[in-house]
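*Asks:* Have a look at the structure that comes next, please.
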Amino acid sequence: MTSSARAVLSDDVDADAFKRLYPDQYYDRFLAEGVRPDGRPLGRARAVTIGAGAITSADGSALVKIGRTTVLGGVRLEIIRPDETAPSQGQLALNVELAPFSSQDYRPGRQPDHVSAVTEKLTSALLTGGDAVQLSSLCIAEGKAAWRASLDLYVLDADGCVLDTALLAATAALRNTRIPAVRSTREGHYVAVGAGSSGSGGAGGDGGLVAGSPTAVGMGRCPLGLTCCLYRNYILVDPTAEEERLAACSVSVVLDQHGRLQGVYKAGGKVLADAATLVKCTEAARLRYRELSGLLEQSLSQVAAEAGGRG
């Protein structure tokens, strides 16, 4: 090994050791210059990729990456009898799981505490108010049959902003979901066309296709979010997991397509975010929303065009 190569290796080892031993001082050196260790300015979010329709065996799916944070979402549909208290509505069941290799916080036998917090916030963003995911759009026959959509989100890499990535993956998977036609049997059962029987036959005889049955999951709002963290006097947009651990406070802002605030969530931290910080985070979220929504529409349009070409 040449002397220059040894010097570079020594510098890398020394920097890595310094980062582990003195993480705050390590970050301070970068932030004083207006950049972060990964080269981003303080207000720049990471690159995003959205792959709608990533799972061909699911009724709807999406693979989303924000930086290295990766979430895979899949939707499975089944016909159920509606709840008596909501005879004209279907159901959405949400599940979030952290892969064992996704985070250093993972411990066998139990999910980290922040996973349940992400599930709670996703449920709030998608179901609170009743006009994000419109459960009435899942009704097949009032009081008789409706769709239950099971949305499973698998966090494959948890390198910060898991809520933002999971919400984008959930929204993309739901909008990618295509609901099959439904037929009724003479016995009064409801069966998805192509699910174990043909559309013109099947056990018990055919009562015909159900007119007006849903073809897609109705979404009145398209909620998307951005997380910022407060580190000393700096606001870091779209922080990595390492930045989240060092931060005094993390704030996630969820907006809809009209720029209306749908939720503000604080994830632990040592201090409270003041009003000025919340305003800056909200403005950053509005800018980020335009970018995310554009990428989402592009991915969904590409899948639709490919499906049209196959048809």
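The values are calculated or read from the model by the stated rules, or taken from the named source; none is laboratory data. Predicted model only: the values in this text are computed from it and were never measured. Don't worry about glycine lacking a Cβ; one is built from the backbone with ideal geometry, like all the others, and counts go over all protein chains shown. For the accessible areas, the whole protein counts, side chains as well, though only heavy atoms, and no ligand, DNA or RNA atoms are used. Shrake-Rupley method; radii C 1.70, N 1.55, O 1.52, S 1.80 Å.
*Asks:* Pick out which of G188, G130, G220 has the largest mean-square fluctuation in a Gaussian network model of the chain, springs linking Cα atoms closer than 10 Å.
*Replies:* Among G188, G130, G220, the largest GNM mean-square fluctuation belongs to G188.
*Asks:* Restricting to the chain, compute how many DSSP beta bridges are antiparallel as a %, nearest 5.
*Replies:* 85
*Asks:* For every helix of n ≥ 4 consecutive DSSP H residues, a contribution of -39,500 (n - 2.57) applies; sum these over the chain, divide by its total residues, and give [θ] at 222 nm rounded to the nearest 500 deg cm²/dmol. Mind dumping the intermediate values first?
*Replies:* Numbers: 6 runs with 100 residues, N = 311.
Dividing the helical sum by the residues of the chain leaves -10500 deg cm²/dmol.
*Asks:* Can you tell me which of T177, T277, T56 moves the most in a GNM of the chain? Springs connect C-alpha atoms under 10 Å apart.
*Replies:* T56
*Asks:* A further question on this structure: Compute the FRET efficiency between Q298 and H258 as 1/(1 + (r/R0)^6), taking r as their Cβ-Cβ distance and R0 = 30 Å, and round to the nearest 0.05.
*Replies:* 0.90
*Asks:* Right, something else. State the percentage of accessible surface on the chain attributable to carbon and sulfur atoms; use a 1.4 Å probe and exclude ligands, DNA and RNA.
*Replies:* Carbon and sulfur together cover 52 percent of it.
*Asks:* Among L174, L156, A145, pick out the residue whose Cα is farthest towards the positive end of the charge dipole of the stretch 141-189, where Lys and Arg carry +1 and Asp and Glu carry -1 on C-beta, about the Cα centre.
*Replies:* The listed residue farthest towards the positive side: A145.
*Asks:* Let me ask something additional. Tell me the angle of helix 113-127 to the major Cα principal axis of the chain, expressed in degrees between 0 and 90 and rounded to the nearest ten.
*Replies:* For 113-127 against the chain, the angle is about 50 degrees.
*Asks:* Quick query: amide H of Q262 versus all other amide H atoms, modeled in the peptide plane; which residues come in under 5 Å with a sequence gap of 5 or more or a different chain?
*Replies:* Under 5 Å from the amide H of Q262 lie the amide H atoms of V254, L255, D256, each far enough along the sequence or on another chain.
*Asks:* Additional query: Sort by residue number and report every cysteine in the chain with no other cysteine beta carbon within a distance under 4.7 Å.
*Replies:* Cysteines of the chain left without a disulfide-compatible partner: C139, C161, C222, C229, C249.
*Asks:* For the stretch 243-251, just list the computed ³J(HN,Hα) in residue order, Karplus coefficients 6.51, -1.76 and 1.60, θ = phi - 60°, integers in Hz, with x standing in for Gly and Pro.
*Replies:* Once θ is set to phi - 60°, the couplings for the stretch 243-251 become 5, 5, 5, 7, 5, 7, 6, 10, 10 Hz.
*Asks:* Then there's this: List the lysines whose Cα lies under 24 Å from the Cα of K121, skipping any in the same chain that are fewer than 8 positions away.
*Replies:* Within the straight-line cut-off, K121 pairs with K65, K266, K270, K280.
*Asks:* Further, regarding this structure: Relative contact order of the stretch 24-149, please, whole-number percent, based on alpha carbon pairs below 8 angstrom and at least 6 residues apart.
*Replies:* Dividing the mean separation by the residue count of the stretch 24-149 yields 24 percent.
*Asks:* Restricting to bridges with both residues inside the stretch 93-195, how much of the DSSP beta-bridge set is antiparallel, in percent to the nearest 5?
*Replies:* The antiparallel fraction comes to roughly 50 percent.
*Asks:* Taking a ≥ b ≥ c as the square roots of the eigenvalues of the Cα gyration tensor of the stretch 52-108, is the shape rounded (a/c under 1.5), prolate (a/b larger than b/c) or oblate?
*Replies:* Prolate is the answer for the stretch 52-108, as a/c is 1.5 or above and a/b outweighs b/c.
*Asks:* Tell me, what is the FRET efficiency for V279 and D14 to the nearest 0.05, using R0 = 35 angstrom and their Cβ-Cβ distance as r? Write down the numbers at each step before the final one.
*Replies:* Details: r = 40 Å, r/R0 = 1.15.
That pair, V279 with D14, gives E of 0.30.
*Asks:* Assuming 0.36 nm per residue, please report the length gained on full extension of the stretch L21 to L127 beyond their Cα-Cα distance.
*Replies:* That pair, L21 and L127, stretches by 33.8 nm at full extension.
*Asks:* What does the highest-first list of 160-172, 115-127, 65-77 look like by mean Cβ count within 10 Å?
*Replies:* Ranked by mean Cβ neighbours within 10 Å, highest first: 160-172, 65-77, 115-127.
*Asks:* Give me the distance between the Cα centres of the stretch 163-180 and the stretch 240-311, rounded to whole Å.
*Replies:* If you average the Cα positions of each part, the centres end up 14 Å apart.
*Asks:* If you don't mind, another one. Straight-line reach only, C-alpha to C-alpha below 14 angstrom: list the aspartates and glutamates that K19 could link to, leaving out same-chain residues fewer than 8 apart.
*Replies:* D11, D28, D38, E242, E243
*Asks:* Whole number in Å², please: accessible area per residue of the chain, 1.4 Å probe, ligands, DNA and RNA not counted. Mind dumping the intermediate values first?
*Replies:* Values: 15560 Å² over 311 residues.
Dividing the accessible area of the chain by its residue count gives 50 Å².
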